[in-house]
Amino acid sequence: MSGIRYSVPVALLLAALSWYPMPASSAEPGWQVELDAPEDIRPLLEQHLELFRFQNREDLDEDIVARLAARAGEDARALLATAGHFSPDIRVDSRREGAFTLLLIVVRPGPRATVASTDVRVIGAIVKESSDAGRPERLSRRWRLRPGTTFTQADWDGAKEALLRDLQLDGYPAARISASRAEVDPATAGVEIAVTVDSGPLFRYGELQIEGLERYPRALVDNLRRFHPGQSYRHEDLLRYQSALQSSGFFSSASVDIDSDPANADAATVRVLVTEYPAMKIDLGAGISTDNGPRGEASFTRYNTFRPGWQSITRLRADFKEQSLNSELALLPEPGGWRNRFGVEASRSDIEDLLIRRFGLIAQRSWRSPERELDWSLKLQTEEQAPTAGPVDNIDALTLNYSWTRRRVDDLLRPRRGHMINLQLGGASESLLSTRSFTRAYGRGLYILPLSRRDRLHLRGEAGAVFSDERKGIPSEFLFRAGGDQSVRGYDYRSLGVREGSAIVGGRLLAAATLEYQRDLTREWGAAVFIDAGNAADKRSGLRPVYGYGFGVRWITPAGSLNLDLARGHETGQFRIHFTLGARF
């Protein structure tokens with residue numbers, strides 16, 4: 001049989017009764033239901049049996065109650081079958097107690113059915129495809145309902161859906177179940193399963209069919225595609241393509257699907273629907289952080305700057321401690337996803353009695369995907385460092401930098417397991433427009449270790465080193481300071497580093513680590529306890545860790561986890577509140 005079907009009791013009659021206006025009455029119902037059944041099946045019967053749904057209705061006459069009682073056994077049998085009990089013993093007794101009618105339902109569910117044998121076959125074009133050699137056998141081995149496992153209707157439906165999904169999302173979107181059978185032997189409570197799935201033809205990508213593209217060149221949409229005509233279809237390819245279109249900055253929305261008509265499988269059309277942003281866009285924003293306090297942001301974006309598909313963005317950001325103005329021109333994405341950018345920036349910051357003014361020109365070449373990022377950048381900058389009551393240091397630097405990021409997590413917004421890594425390497429030479437020669441290496445990582453369905457450990461670490469004779473003459477962004485929301489909690493933002501007079505300046509060494517235990521309390525709320533350790537220094541002898549520890553709450557939102565932490569700095573004895581969004585990485 002392809003499934004297990006059950007008849008619906010007198011639903012129409014009861015629906016009509018529920019709407020029919022009855023005279024108000026304060027009298028108690030003239031009948032009552034009692035259930036004698038094991039605890040594990042009581043919720044199923046009490047929630048779905050019609051007798052329980054209407055047992056408080058005093059306006060039902062004896063004839064309707066008799067009908068409900070007559071159908072109760074059959075309905076209970078059908079409900080128990082969905083839970084894997086196919087040979088129950090059910091008895092419904094009715095007796096009068098004066099003017100009162102008592103309905104007693106006695107249920108002995110019997111043994112729960114288990115799978116006795118499985119015969120899962122995969123047929124169709126997949127059998128002949130050399131690229132999928134061995135895949136039919138692997139699909140059969142991954143069938144969920146193995147001999148000895150419990151059989152329920154939900155498990156039966158879920159196993160078939162999983163088998164189909166494996167094919168439909170990877171090469172065979174027209175796959176279908178051509179035959180399925182689950183025969184139950186009531187005497188042994190064993191189930192014999194036979195399923196045949198027809199893969200249908202292997203789909204290969206054809207040409208793009210683009211709708212909604214008016215303002216920008218077609219090359220923009222073509223170049224963001226990472227698959228090519230003739231390549232085998234994978235649903236993941238379309239999801240990545242859709243994500244690349246949405247994050248490109250040109251479209252407010254994008255959707256991608258494939259023509260699933262088997263007749264066109266050799267060159268299936270990829271349909272792309274986009275909604276373009278207007279030619280110009282202004283964004284205003286405001287926020288607050290426990291590191292820098294309230295902040296404001298404004299940006300102006302102009303599309304098709306100088307040439308179609310070139311995008312210019314100017315941003316102004318300001319808070320109590322840092323202010324910046326930058327402008328960027330991003331060229332049309334290249335085939336394969338690489339994109340070139342050119343920009344100019346000016347910034348000012350005043351943190352821990354260190355005033356920094358910076359002006360820079362930057363050329364960047366980057367590649368992005370949800371799991372991986374690659375960045376090359378060449379930056380020419382001039383900077384003034386002015387510690388309070390200290391000497392002013394004027395610095396020039398031409399730096400070449402590389403950054404590599406990898407994310408291997410189960411969910412980018414709400415990771416429950418996996419890891420994230422970022423590695424950076426850069427430097428400058430005195431012989432090339434720089435005050436001092438130096439090389440900088442930096443890395444940070446997060447490893448999420450699940451302990452159970454609701455519990456996990458976050459292990460976070462970062463380390464960095466600048467190789468140079470001394471730190472004087474090195475731009476501040478290449479030196480290290482610690483402390484704050486994304487570093488050692490319990491300490492002020494960038495308050496850990498090298499003391500110079502009353503100021504805290506950057507050092508050539510950094511090391512920090514976090515151990516955090518998280519537990520889900522509900523679907524939306526969680527709690528955490530943590531300990532952070534780390535510091536920044538100019539010499540290895542001065543790199544002594546300081547500690548911060550505390551607890552926090554986690555609120556899961558569509559944008560990720562909102563984290564509110566209360567941390568105590570062990571060295572200072574002071575408490576600080578920290579507020580962040582997303583996993584600390």
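Angle check, please: helix 62-82 long axis (alpha carbons) against the longest principal axis of the chain (alpha carbons), in degrees 0 to 90, nearest 10.
Approximately 50 degrees, to the nearest ten.
Using the Cα centre of the chain as origin and beta-carbon charges of +1 (Lys, Arg) and -1 (Asp, Glu), tell me which of T439, G360, L49 is placed farthest towards the positive end of the dipole.
T439
Express in Å², to the nearest 10, the accessible area of F467 obtained by rolling a 1.4 Å probe over the protein heavy atoms while all chains stay in place.
Result for F467: roughly 130 Å² accessible.
Nearest 10 degrees, 0 to 90: what angle lies between the long axis of helix 235-246 and the longest principal axis of the chain (Cα atoms)?
Relative to the chain, helix 235-246 is tipped by roughly 50 degrees.
Kindly report the accessible area of the chain per residue (heavy atoms of protein chains, probe 1.4 Å, no ligands, DNA or RNA), in Å².
Result: 51 Å² per residue.
Might you work out the accessible area of T188 for me, using a 1.4 Å probe with all protein chains in place, and round it to the nearest 10 Å²?
100 Å²
Roughly how far apart, in whole Å, are the Cα centres of region 276-337 and region 364-419?
Value for the Cα centre distance between the two parts: 17 Å.
Report P(r) for region 447-585: all Cα-Cα distances, bin width 10 Å, range 0 to the bin holding the largest distance, values in whole percent.
Calculated P(r), rounded to whole percents: 12, 39, 29, 15, 4, 0.
What does the convex hull of the alpha-carbon atoms of region 114-219 project to on average, in nm²?
On the way: hull surface 36.6 nm².
If you wrap the Cα atoms of region 114-219 in a convex hull and average its projections, you get 9.1 nm².
Amide H of W31: which non-local residues (sequence gap of 5 or more, or other chain) have their own amide H closer than 5 Å, using H built in the peptide plane?
Correct list: T101.
Along the charge dipole of region 369-417, pointing to its positive end and built from +1/-1 on Cβ of Lys, Arg, Asp and Glu, which listed residue (P391, L378, P415) has its Cα farthest out?
The one lying farthest along the dipole's positive direction is P415.
At 1.4 Å probe size, with no ligands or nucleic acids counted, give the accessible surface of I577 in Å², nearest ten.
Using a 1.4 Å probe on the heavy atoms, I get roughly 100 Å².
How much net charge surrounds D291 when only other residues with a Cβ under 14 Å from its Cβ are counted (Lys, Arg +1; Asp, Glu -1)?
On the way: positive: R295, R317, K321, R481, R489, R494, R576, R584; negative: D319, E322, D350, E352, D485, D492, D565.
The answer is +1.
Using the scaling law 2.2 N^0.38 Å as the reference, what is the normalised Cα Rg of the chain?
It is 1.34.
Just by accessible area at a 1.4 angstrom probe, what is the order of K128, K281, K539, K472 from largest to smallest?
K128, K539, K472, K281
So what's region 349-405 giving for Cα Rg divided by 2.2 N^0.38 Å, two decimals?
Its radius of gyration relative to the 2.2 N^0.38 Å reference: 1.50.
Leaving ligands and nucleic acids out of the surface, order R499, R453 by accessible area at 1.4 Å, largest first.
Final ranking, largest accessible area leading: R453, R499.
Pop out the carbon and sulfur fraction of the accessible area of region 100-179 as a percent, whole number, probe 1.4 Å.
Here it works out to 50 percent.
The values are calculated or read from the model by the stated rules, or taken from the named source; none is laboratory data. Please read these numbers as outputs of a predicted model, since none were measured by experiment. Heads up, the Cβs are rebuilt from the backbone with ideal geometry, glycines too, and the neighbour counts pull from every protein chain shown. What goes into the accessible areas is simple: the full protein's heavy atoms, side chains included, and nothing from ligands, DNA or RNA. Shrake-Rupley method; radii C 1.70, N 1.55, O 1.52, S 1.80 Å.
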